[in-house]
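The structure under discussion appears below in the form of structure tokens.
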Amino acid sequence: DIRRELGMEIIEEHMVMEYSKVSKKCEKCGHGEATYYTRLMRSADKGQTTFYTCIGYGHPSQEN
């Protein structure tokens, strides 16, 4: 595999290990804290998408 020869690693989505915490009110339950991570979903000239998960009940949300 050319990636191995070049020393490149394949990073899969499920390998996200650390989430940061932020004060963000959940739209569904009102809990005031969430974990989040960011990801570039479109081309490099577009902004990144932030994915949030409510710490209270695990409700997902996102912002572009």
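Derivation of every value follows stated rules applied to the coordinates shown; laboratory data play no part. Every value quoted in this text rests on a predicted model; they were computed, and no experiment measured them. Counting neighbours? That spans all protein chains shown, and the Cβs are built from the backbone with ideal geometry, glycine included.
For this structure, a couple of remarks:
- Evaluating 6.51 cos²θ - 1.76 cosθ + 1.60 at θ = phi - 60° for every residue in region 41-55, the Karplus couplings come out as 9, 10, 5, 5, 7, 9, x, 8, 9, 9, 9, 10, 9, 4, 6 Hz, glycine and proline recorded as x.
- Other residues with beta-carbon under 11 Å from the beta-carbon of residue 60 carry, at +1 per Lys or Arg and -1 per Asp or Glu, a net charge of 0.
- Percent breakdown of C-alpha pair distances by 5 Å bin, ordered from the shortest bin, for region 21-63: 6, 26, 28, 16, 11, 9, 4
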